[in-house]
Amino acid sequence: DYPLPAPNVTRWYHMQAIALAGNSGVVITHVDITARKLAEHELGYQATHDPLTGLPNRALLISRLEVELARARTTRTRVATVFIDLDDFKDINDAFGHDHGDRIITTVAKRLSDQLEPGDLVARLGGDEYVLVLPDIGPDWDPAVVLGRLRDALNEPISLDITSVKISASMGLVTSPPHTGDAKDVLRDADTAMYVSKRSGRDQWTAFDERLRQRVMARLITNERVEHALAAGEFLLYFQPIVDLRTGRTVASEALLRWRDPEQGLLRPDAFLPALETGPLMSVVGAWVVDEALATQAAWQQVAGFEDHQMTVNVSPRQVGRGELLPTLASRLAHHDLNPERLTIEILEESLVQTGASAEAEITAIHDLGVKVAIDDFGTGYSSVAYLQQFPVDVLKIDKAFLRARDRARTTRVMRAISQLAHAVGSVSLVEGVETD
(Lines give C-alpha, C1' and ligand atoms only; values in the text may rest on other atoms or scores of the structure.)
Protein backbone atom coordinates (compact mmCIF):
# COMPACT_ATOMS: atom_id res chain seq x y z
CA ASP A 1 0.00 0.00 0.00
CA TYR A 2 1.00 3.63 -0.43
CA PRO A 3 -0.09 5.59 2.66
CA LEU A 4 0.26 9.32 2.13
CA PRO A 5 3.38 10.65 3.90
CA ALA A 6 2.86 12.82 6.94
CA PRO A 7 3.53 16.59 6.60
CA ASN A 8 6.64 16.28 8.81
CA VAL A 9 8.06 13.40 6.78
CA THR A 10 11.75 12.65 7.17
CA ARG A 11 13.73 14.27 4.40
CA TRP A 12 15.63 12.18 1.85
CA TYR A 13 19.18 12.97 0.69
CA HIS A 14 21.76 11.53 -1.62
CA MET A 15 25.48 12.22 -1.62
CA GLN A 16 27.12 13.74 -4.65
CA ALA A 17 30.90 13.74 -5.19
CA ILE A 18 32.34 16.86 -6.84
CA ALA A 19 35.99 17.01 -7.94
CA LEU A 20 37.65 20.39 -7.30
CA ALA A 21 39.59 21.95 -10.15
CA GLY A 22 43.33 22.34 -9.59
CA ASN A 23 43.81 19.70 -6.91
CA SER A 24 42.95 16.09 -6.16
CA GLY A 25 40.50 16.83 -3.40
CA VAL A 26 36.87 15.79 -3.53
CA VAL A 27 33.96 17.56 -1.90
CA ILE A 28 30.97 15.47 -0.78
CA THR A 29 27.73 17.42 -0.86
CA HIS A 30 24.34 16.33 0.48
CA VAL A 31 21.59 17.03 -2.04
CA ASP A 32 18.00 17.25 -0.82
CA ILE A 33 15.87 14.90 -2.99
CA THR A 34 12.79 14.98 -0.77
CA ALA A 35 10.64 16.61 -3.45
CA ARG A 36 11.57 13.95 -6.00
CA LYS A 37 10.92 11.11 -3.55
CA LEU A 38 7.57 12.58 -2.61
CA ALA A 39 6.66 12.89 -6.31
CA GLU A 40 7.65 9.26 -6.91
CA HIS A 41 5.64 8.22 -3.89
CA GLU A 42 2.61 10.15 -5.10
CA LEU A 43 2.85 8.65 -8.59
CA GLY A 44 3.01 5.15 -7.12
CA TYR A 45 -0.01 5.85 -4.97
CA GLN A 46 -2.02 7.27 -7.88
CA ALA A 47 -1.22 4.24 -10.03
CA THR A 48 -2.66 1.82 -7.49
CA HIS A 49 -5.49 3.74 -5.80
CA ASP A 50 -8.85 5.17 -6.74
CA PRO A 51 -8.60 8.99 -6.74
CA LEU A 52 -12.11 9.55 -5.32
CA THR A 53 -12.20 7.13 -2.39
CA GLY A 54 -8.53 6.40 -1.79
CA LEU A 55 -9.30 2.67 -1.97
CA PRO A 56 -7.06 0.25 -3.90
CA ASN A 57 -7.95 0.11 -7.60
CA ARG A 58 -8.26 -2.90 -9.91
CA ALA A 59 -4.50 -3.27 -10.45
CA LEU A 60 -3.67 -3.39 -6.74
CA LEU A 61 -6.72 -5.60 -6.07
CA ILE A 62 -5.62 -8.23 -8.60
CA SER A 63 -2.06 -8.15 -7.23
CA ARG A 64 -3.23 -8.62 -3.63
CA LEU A 65 -5.80 -11.25 -4.57
CA GLU A 66 -3.18 -13.28 -6.44
CA VAL A 67 -0.98 -13.21 -3.32
CA GLU A 68 -3.83 -14.32 -1.06
CA LEU A 69 -4.92 -17.11 -3.42
CA ALA A 70 -1.34 -18.42 -3.65
CA ARG A 71 -0.95 -18.29 0.12
CA ALA A 72 -4.27 -20.07 0.61
CA ARG A 73 -3.15 -22.90 -1.67
CA THR A 74 0.06 -23.26 0.33
CA THR A 75 -1.49 -23.04 3.79
CA ARG A 76 -4.72 -24.87 2.85
CA THR A 77 -6.85 -21.96 4.02
CA ARG A 78 -9.77 -20.23 2.30
CA VAL A 79 -10.27 -16.82 0.71
CA ALA A 80 -13.67 -15.17 0.22
CA THR A 81 -14.11 -12.62 -2.57
CA VAL A 82 -17.26 -10.47 -2.60
CA PHE A 83 -18.24 -8.45 -5.67
CA ILE A 84 -20.59 -5.55 -4.76
CA ASP A 85 -22.62 -3.42 -7.16
CA LEU A 86 -24.98 -0.68 -5.92
CA ASP A 87 -28.60 -1.06 -7.04
CA ASP A 88 -30.13 1.71 -9.21
CA PHE A 89 -27.14 3.98 -8.64
CA LYS A 90 -27.49 5.54 -12.10
CA ASP A 91 -31.01 6.70 -11.27
CA ILE A 92 -29.81 8.24 -7.99
CA ASN A 93 -26.89 9.89 -9.77
CA ASP A 94 -29.19 11.35 -12.44
CA ALA A 95 -31.72 12.55 -9.87
CA PHE A 96 -29.32 14.27 -7.43
CA GLY A 97 -26.30 15.10 -9.57
CA HIS A 98 -22.73 13.84 -9.73
CA ASP A 99 -21.53 15.68 -6.63
CA HIS A 100 -24.07 13.86 -4.48
CA GLY A 101 -23.30 10.67 -6.41
CA ASP A 102 -19.64 11.04 -5.42
CA ARG A 103 -20.71 11.50 -1.79
CA ILE A 104 -22.60 8.22 -1.96
CA ILE A 105 -19.57 6.47 -3.49
CA THR A 106 -17.23 7.72 -0.75
CA THR A 107 -19.77 6.96 2.02
CA VAL A 108 -20.16 3.40 0.79
CA ALA A 109 -16.36 3.06 0.65
CA LYS A 110 -16.10 4.13 4.30
CA ARG A 111 -18.92 1.83 5.42
CA LEU A 112 -17.32 -1.14 3.72
CA SER A 113 -13.91 -0.26 5.18
CA ASP A 114 -15.44 -0.08 8.66
CA GLN A 115 -16.58 -3.70 8.30
CA LEU A 116 -13.10 -5.04 7.57
CA GLU A 117 -11.03 -7.20 9.86
CA PRO A 118 -7.21 -6.88 9.96
CA GLY A 119 -5.80 -8.30 6.73
CA ASP A 120 -9.03 -7.77 4.75
CA LEU A 121 -9.11 -5.58 1.64
CA VAL A 122 -11.77 -3.46 -0.02
CA ALA A 123 -11.18 -2.02 -3.50
CA ARG A 124 -13.15 0.13 -5.91
CA LEU A 125 -13.20 -1.08 -9.50
CA GLY A 126 -14.82 2.08 -10.80
CA GLY A 127 -18.36 3.40 -11.02
CA ASP A 128 -20.42 1.83 -8.25
CA GLU A 129 -18.50 -1.47 -8.08
CA TYR A 130 -16.48 -2.62 -5.10
CA VAL A 131 -14.69 -5.86 -4.21
CA LEU A 132 -13.89 -7.26 -0.78
CA VAL A 133 -11.14 -9.83 -0.25
CA LEU A 134 -11.41 -11.71 3.03
CA PRO A 135 -8.44 -14.07 3.56
CA ASP A 136 -8.04 -16.79 6.18
CA ILE A 137 -11.74 -17.43 6.69
CA GLY A 138 -12.12 -20.26 9.16
CA PRO A 139 -14.33 -23.36 9.09
CA ASP A 140 -17.02 -21.54 11.09
CA TRP A 141 -17.15 -18.57 8.71
CA ASP A 142 -20.80 -17.96 7.84
CA PRO A 143 -21.39 -15.96 4.64
CA ALA A 144 -24.98 -15.26 5.60
CA VAL A 145 -23.82 -13.49 8.76
CA VAL A 146 -20.94 -11.57 7.16
CA LEU A 147 -22.79 -10.50 4.02
CA GLY A 148 -25.91 -9.77 6.03
CA ARG A 149 -23.86 -7.38 8.15
CA LEU A 150 -22.54 -5.71 5.00
CA ARG A 151 -26.07 -5.33 3.66
CA ASP A 152 -27.30 -3.78 6.90
CA ALA A 153 -24.43 -1.27 6.86
CA LEU A 154 -25.15 -0.26 3.28
CA ASN A 155 -28.89 0.05 3.88
CA GLU A 156 -28.42 2.87 6.41
CA PRO A 157 -29.75 6.16 4.89
CA ILE A 158 -27.16 8.56 3.45
CA SER A 159 -27.69 12.31 4.01
CA LEU A 160 -27.46 14.48 0.89
CA ASP A 161 -28.10 17.89 2.50
CA ILE A 162 -31.54 18.39 0.96
CA THR A 163 -32.70 14.87 1.65
CA SER A 164 -31.47 11.38 2.46
CA VAL A 165 -31.42 8.26 0.32
CA LYS A 166 -31.44 4.61 1.19
CA ILE A 167 -29.33 2.41 -1.04
CA SER A 168 -28.94 -1.32 -1.48
CA ALA A 169 -26.42 -3.54 -3.22
CA SER A 170 -26.31 -6.83 -5.09
CA MET A 171 -23.43 -9.09 -4.09
CA GLY A 172 -21.69 -12.14 -5.53
CA LEU A 173 -19.50 -14.46 -3.48
CA VAL A 174 -16.66 -16.74 -4.54
CA THR A 175 -14.83 -18.93 -2.03
CA SER A 176 -11.42 -20.37 -2.88
CA PRO A 177 -11.22 -23.29 -2.64
CA PRO A 178 -13.39 -24.88 -4.05
CA HIS A 179 -12.80 -22.27 -6.77
CA THR A 180 -9.31 -22.92 -8.16
CA GLY A 181 -8.87 -20.15 -10.74
CA ASP A 182 -6.55 -17.14 -10.68
CA ALA A 183 -7.51 -13.63 -9.55
CA LYS A 184 -9.14 -12.67 -12.84
CA ASP A 185 -11.18 -15.89 -12.89
CA VAL A 186 -12.34 -15.27 -9.33
CA LEU A 187 -13.39 -11.69 -10.11
CA ARG A 188 -15.22 -12.81 -13.26
CA ASP A 189 -17.17 -15.48 -11.39
CA ALA A 190 -17.95 -13.18 -8.45
CA ASP A 191 -19.24 -10.66 -10.99
CA THR A 192 -21.39 -13.41 -12.55
CA ALA A 193 -22.87 -14.31 -9.16
CA MET A 194 -23.54 -10.63 -8.47
CA TYR A 195 -25.56 -10.28 -11.69
CA VAL A 196 -27.64 -13.27 -10.69
CA SER A 197 -28.44 -11.45 -7.44
CA LYS A 198 -29.39 -8.36 -9.39
CA ARG A 199 -31.69 -10.28 -11.74
CA SER A 200 -33.23 -12.13 -8.80
CA GLY A 201 -34.56 -9.02 -7.09
CA ARG A 202 -31.48 -7.10 -5.85
CA ASP A 203 -30.41 -6.30 -2.29
CA GLN A 204 -29.19 -9.88 -1.83
CA TRP A 205 -26.15 -12.10 -2.32
CA THR A 206 -25.46 -15.21 -4.41
CA ALA A 207 -22.65 -17.74 -4.02
CA PHE A 208 -20.99 -18.85 -7.24
CA ASP A 209 -20.80 -22.49 -8.36
CA GLU A 210 -20.34 -24.23 -11.71
CA ARG A 211 -24.07 -24.82 -12.15
CA LEU A 212 -24.54 -21.07 -11.86
CA ARG A 213 -22.02 -20.52 -14.64
CA GLN A 214 -23.85 -22.96 -16.88
CA ARG A 215 -27.20 -21.25 -16.28
CA VAL A 216 -25.71 -17.87 -17.08
CA MET A 217 -23.93 -19.14 -20.18
CA ALA A 218 -27.15 -20.78 -21.38
CA ARG A 219 -28.74 -17.34 -21.49
CA LEU A 220 -25.72 -15.79 -23.20
CA ILE A 221 -25.17 -18.45 -25.86
CA THR A 222 -27.61 -17.38 -28.53
CA ASN A 223 -27.41 -18.48 -32.16
CA GLU A 224 -26.09 -15.06 -33.12
CA ARG A 225 -23.38 -15.26 -30.43
CA VAL A 226 -22.19 -18.67 -31.63
CA GLU A 227 -22.17 -17.54 -35.26
CA HIS A 228 -20.13 -14.50 -34.31
CA ALA A 229 -17.69 -16.66 -32.32
CA LEU A 230 -17.13 -18.92 -35.32
CA ALA A 231 -16.65 -15.97 -37.68
CA ALA A 232 -14.36 -14.14 -35.26
CA GLY A 233 -12.16 -17.17 -34.59
CA GLU A 234 -13.03 -17.31 -30.88
CA PHE A 235 -13.19 -21.12 -30.85
CA LEU A 236 -9.90 -22.97 -30.62
CA LEU A 237 -8.59 -26.46 -29.90
CA TYR A 238 -6.29 -27.70 -27.18
CA PHE A 239 -4.64 -31.10 -27.65
CA GLN A 240 -4.24 -33.61 -24.83
CA PRO A 241 -1.58 -36.27 -25.37
CA ILE A 242 -2.45 -39.97 -25.25
CA VAL A 243 0.55 -42.02 -24.13
CA ASP A 244 1.41 -45.70 -24.53
CA LEU A 245 2.45 -46.74 -21.02
CA ARG A 246 4.64 -49.54 -22.35
CA THR A 247 6.87 -47.22 -24.40
CA GLY A 248 6.17 -43.76 -22.94
CA ARG A 249 5.54 -42.51 -26.46
CA THR A 250 2.75 -40.11 -27.35
CA VAL A 251 0.73 -42.06 -29.89
CA ALA A 252 -2.34 -39.86 -30.21
CA SER A 253 -3.89 -36.54 -29.23
CA GLU A 254 -7.43 -35.71 -28.17
CA ALA A 255 -8.81 -32.45 -29.56
CA LEU A 256 -10.48 -30.41 -26.81
CA LEU A 257 -12.71 -27.45 -27.64
CA ARG A 258 -12.21 -24.08 -25.92
CA TRP A 259 -13.94 -20.73 -26.38
CA ARG A 260 -11.90 -17.55 -25.96
CA ASP A 261 -14.72 -15.19 -25.12
CA PRO A 262 -13.72 -11.47 -25.13
CA GLU A 263 -15.66 -10.81 -21.92
CA GLN A 264 -15.59 -14.14 -20.07
CA GLY A 265 -12.03 -15.16 -20.94
CA LEU A 266 -11.01 -18.71 -21.85
CA LEU A 267 -14.01 -21.00 -21.32
CA ARG A 268 -13.74 -24.74 -20.82
CA PRO A 269 -16.40 -27.01 -22.38
CA ASP A 270 -18.36 -27.47 -19.17
CA ALA A 271 -19.05 -23.72 -19.21
CA PHE A 272 -20.72 -23.63 -22.63
CA LEU A 273 -21.30 -27.09 -24.12
CA PRO A 274 -24.45 -27.86 -22.10
CA ALA A 275 -26.05 -24.69 -23.51
CA LEU A 276 -24.58 -25.16 -26.98
CA GLU A 277 -25.90 -28.72 -27.26
CA THR A 278 -29.46 -27.54 -26.73
CA GLY A 279 -29.26 -25.17 -29.72
CA PRO A 280 -29.33 -25.76 -33.47
CA LEU A 281 -25.67 -24.88 -34.09
CA MET A 282 -24.02 -27.81 -32.30
CA SER A 283 -23.60 -29.62 -35.61
CA VAL A 284 -21.98 -26.53 -37.15
CA VAL A 285 -19.51 -26.19 -34.26
CA GLY A 286 -18.93 -29.95 -34.33
CA ALA A 287 -18.07 -29.81 -38.02
CA TRP A 288 -15.64 -26.96 -37.31
CA VAL A 289 -13.93 -29.07 -34.63
CA VAL A 290 -13.53 -31.98 -37.07
CA ASP A 291 -12.07 -29.73 -39.76
CA GLU A 292 -9.69 -27.92 -37.40
CA ALA A 293 -8.49 -31.17 -35.81
CA LEU A 294 -7.84 -32.78 -39.19
CA ALA A 295 -6.02 -29.67 -40.44
CA THR A 296 -3.74 -29.96 -37.40
CA GLN A 297 -3.31 -33.69 -38.00
CA ALA A 298 -2.29 -33.04 -41.62
CA ALA A 299 0.35 -30.54 -40.48
CA TRP A 300 1.70 -32.84 -37.76
CA GLN A 301 2.08 -35.76 -40.14
CA GLN A 302 4.73 -33.78 -41.97
CA VAL A 303 6.89 -33.91 -38.82
CA ALA A 304 9.29 -36.83 -38.37
CA GLY A 305 7.99 -39.33 -35.85
CA PHE A 306 4.36 -38.25 -36.21
CA GLU A 307 3.55 -40.19 -39.38
CA ASP A 308 1.41 -42.69 -37.43
CA HIS A 309 0.02 -40.20 -34.96
CA GLN A 310 -3.69 -40.65 -34.19
CA MET A 311 -6.14 -37.75 -33.85
CA THR A 312 -9.15 -38.21 -31.56
CA VAL A 313 -12.25 -36.01 -31.87
CA ASN A 314 -15.22 -35.92 -29.51
CA VAL A 315 -18.63 -36.19 -31.14
CA SER A 316 -21.69 -34.57 -29.59
CA PRO A 317 -24.85 -36.65 -29.09
CA ARG A 318 -26.50 -34.09 -31.38
CA GLN A 319 -24.23 -35.24 -34.24
CA VAL A 320 -24.92 -38.97 -33.92
CA GLY A 321 -27.74 -40.76 -35.74
CA ARG A 322 -28.78 -37.78 -37.92
CA GLY A 323 -26.99 -38.83 -41.08
CA GLU A 324 -24.67 -35.78 -41.02
CA LEU A 325 -21.57 -37.17 -39.33
CA LEU A 326 -20.48 -39.66 -41.99
CA PRO A 327 -20.47 -37.19 -44.94
CA THR A 328 -18.72 -34.58 -42.76
CA LEU A 329 -15.93 -36.97 -41.82
CA ALA A 330 -15.55 -38.32 -45.37
CA SER A 331 -15.46 -34.82 -46.87
CA ARG A 332 -12.89 -33.39 -44.46
CA LEU A 333 -10.64 -36.46 -44.60
CA ALA A 334 -10.56 -36.17 -48.38
CA HIS A 335 -10.00 -32.40 -48.23
CA HIS A 336 -6.95 -32.81 -45.98
CA ASP A 337 -5.76 -35.95 -47.83
CA LEU A 338 -5.67 -38.02 -44.63
CA ASN A 339 -5.85 -41.74 -44.04
CA PRO A 340 -9.15 -42.44 -42.20
CA GLU A 341 -7.30 -44.94 -40.00
CA ARG A 342 -5.46 -42.02 -38.38
CA LEU A 343 -8.77 -40.63 -37.00
CA THR A 344 -10.75 -41.78 -33.94
CA ILE A 345 -14.15 -40.42 -32.98
CA GLU A 346 -15.24 -40.52 -29.33
CA ILE A 347 -18.91 -41.13 -28.55
CA LEU A 348 -20.47 -40.95 -25.10
CA GLU A 349 -21.84 -44.27 -23.96
CA GLU A 350 -25.25 -42.74 -23.28
CA SER A 351 -25.45 -41.42 -26.87
CA LEU A 352 -25.56 -44.96 -28.19
CA VAL A 353 -28.59 -45.72 -26.04
CA GLN A 354 -30.43 -42.50 -26.84
CA THR A 355 -30.08 -42.75 -30.61
CA GLY A 356 -30.57 -46.52 -31.02
CA ALA A 357 -30.72 -48.10 -34.47
CA SER A 358 -29.95 -44.90 -36.37
CA ALA A 359 -26.68 -44.53 -34.43
CA GLU A 360 -25.75 -48.16 -35.04
CA ALA A 361 -26.09 -47.83 -38.80
CA GLU A 362 -24.16 -44.55 -38.97
CA ILE A 363 -21.36 -45.67 -36.66
CA THR A 364 -20.98 -48.93 -38.57
CA ALA A 365 -20.68 -46.98 -41.83
CA ILE A 366 -18.08 -44.64 -40.26
CA HIS A 367 -16.12 -47.65 -39.04
CA ASP A 368 -16.30 -49.21 -42.49
CA LEU A 369 -14.78 -45.98 -43.83
CA GLY A 370 -11.71 -46.79 -41.73
CA VAL A 371 -12.30 -44.37 -38.86
CA LYS A 372 -11.82 -45.86 -35.39
CA VAL A 373 -14.59 -45.62 -32.76
CA ALA A 374 -14.04 -45.01 -29.04
CA ILE A 375 -16.65 -45.23 -26.28
CA ASP A 376 -16.13 -42.30 -23.91
CA ASP A 377 -16.71 -42.38 -20.12
CA PHE A 378 -17.14 -46.15 -20.10
CA GLY A 379 -18.32 -47.40 -16.74
CA THR A 380 -20.28 -44.32 -15.68
CA GLY A 381 -23.39 -44.89 -17.78
CA TYR A 382 -25.09 -48.09 -18.86
CA SER A 383 -21.93 -50.16 -19.33
CA SER A 384 -23.75 -52.92 -21.14
CA VAL A 385 -21.62 -55.58 -22.80
CA ALA A 386 -24.41 -55.85 -25.38
CA TYR A 387 -23.37 -52.48 -26.82
CA LEU A 388 -19.83 -53.71 -27.26
CA GLN A 389 -21.21 -56.55 -29.38
CA GLN A 390 -23.71 -54.35 -31.21
CA PHE A 391 -21.38 -51.48 -32.16
CA PRO A 392 -17.90 -51.63 -33.70
CA VAL A 393 -15.69 -50.39 -30.86
CA ASP A 394 -11.93 -49.93 -31.14
CA VAL A 395 -11.24 -48.12 -27.86
CA LEU A 396 -12.82 -48.23 -24.40
CA LYS A 397 -12.10 -45.08 -22.39
CA ILE A 398 -12.19 -45.85 -18.67
CA ASP A 399 -13.59 -42.85 -16.84
CA LYS A 400 -11.25 -41.00 -14.46
CA ALA A 401 -13.69 -41.61 -11.60
CA PHE A 402 -12.27 -45.13 -11.32
CA LEU A 403 -8.72 -43.85 -11.03
CA ARG A 404 -9.65 -41.43 -8.24
CA ALA A 405 -11.49 -43.95 -6.07
CA ARG A 406 -10.07 -44.29 -2.56
CA ASP A 407 -9.89 -48.08 -2.46
CA ARG A 408 -6.85 -48.68 -4.67
CA ALA A 409 -6.93 -52.45 -4.50
CA ARG A 410 -10.56 -52.55 -5.59
CA THR A 411 -9.88 -49.94 -8.28
CA THR A 412 -7.05 -52.04 -9.66
CA ARG A 413 -9.27 -55.11 -9.90
CA VAL A 414 -12.10 -53.20 -11.60
CA MET A 415 -9.80 -51.52 -14.11
CA ARG A 416 -8.07 -54.81 -14.89
CA ALA A 417 -11.47 -56.40 -15.52
CA ILE A 418 -12.51 -53.58 -17.88
CA SER A 419 -9.18 -53.83 -19.69
CA GLN A 420 -9.64 -57.58 -20.12
CA LEU A 421 -13.18 -56.96 -21.40
CA ALA A 422 -11.83 -54.47 -23.94
CA HIS A 423 -9.29 -56.97 -25.23
CA ALA A 424 -11.96 -59.70 -25.36
CA VAL A 425 -14.00 -57.66 -27.86
CA GLY A 426 -10.95 -56.57 -29.84
CA SER A 427 -10.62 -53.10 -28.30
CA VAL A 428 -7.86 -51.12 -26.62
CA SER A 429 -8.36 -49.74 -23.10
CA LEU A 430 -7.56 -46.07 -22.51
CA VAL A 431 -7.52 -44.62 -19.00
CA GLU A 432 -8.55 -41.02 -18.36
CA GLY A 433 -7.20 -38.89 -15.52
CA VAL A 434 -3.58 -40.10 -15.42
CA GLU A 435 -1.85 -36.82 -14.55
CA THR A 436 1.16 -37.84 -12.43
CA ASP A 437 4.03 -40.31 -12.67
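The single condition among (1) surrounded by 13 or more Cβ atoms within 10 Å (Cβ to Cβ); (2) within 25 Å of the chain's Cα centre (by Cα); (3) in contact (Cβ under 8 Å) with a residue 12 or more places away in the chain that Val146 does not meet is (2).
Residues in region 198-206 include none that are open to solvent by less than 10 Å² (accessible area, probe 1.4 Å) and either over 13 Å from the mean Cα position of the chain (by Cα) or under 28 Å from Gly101 (Cβ atoms) (or both). In this structure, Gln354 does not qualify as closer than 22 Å to Leu421 by Cα, modelled with pLDDT under 95, open to solvent by 20 Å² or more (accessible area, probe 1.4 Å) and part of a helix (DSSP H, G or I). Can you tell me which residue within region 224-241, out of those that are part of a helix (DSSP H, G or I) and open to solvent by 70 Å² or more (accessible area, probe 1.4 Å), is farthest from Asp437 (Cα to Cα)? The extreme case among them is Glu224. Looking across region 54-102, the residues that are over 22 Å from Leu116 (Cβ atoms), assigned to a helix (DSSP H, G or I) and basic (Lys, Arg) come down to Arg73, Lys90.
Just the residues that are assigned to a strand (DSSP E or B) and aliphatic (A, V, I, L, M), please, taken from region 111-150. Once the filter is applied, which keeps residues that are assigned to a strand (DSSP E or B) and aliphatic (A, V, I, L, M), region 111-150 yields Leu121, Val122, Ala123, Leu125, Val131, Leu132, Val133, Leu134, Ile137.
If only residues of region 123-164 that are among the small types (Gly, Ala, Ser) and out of contact with any Pro (no Cβ under 6 Å at 6 or more places or on another chain) are counted, the one that is farthest from Ile92 (Cα to Cα) is Gly138. Does region 169-184 contain any residue that is open to solvent by less than 30 Å² (accessible area, probe 1.4 Å), closer than 24 Å to Gly54 by Cβ and either modelled with pLDDT under 90 or in a helix (DSSP H, G or I) (or both)? Checked region 169-184: at least one residue is open to solvent by less than 30 Å² (accessible area, probe 1.4 Å), closer than 24 Å to Gly54 by Cβ and either modelled with pLDDT under 90 or in a helix (DSSP H, G or I) (or both).
The values are calculated or read from the model by the stated rules, or taken from the named source; none is laboratory data. Small disclaimer: the values here were computed from a predicted structure and weren't measured. Note: ideal-geometry Cβ built from the backbone for every residue, glycine included; neighbour counts use all protein chains shown. Heavy atoms of the whole protein, side chains included, go into the accessibility calculation; ligands, DNA and RNA do not. Shrake-Rupley method; radii C 1.70, N 1.55, O 1.52, S 1.80 Å.
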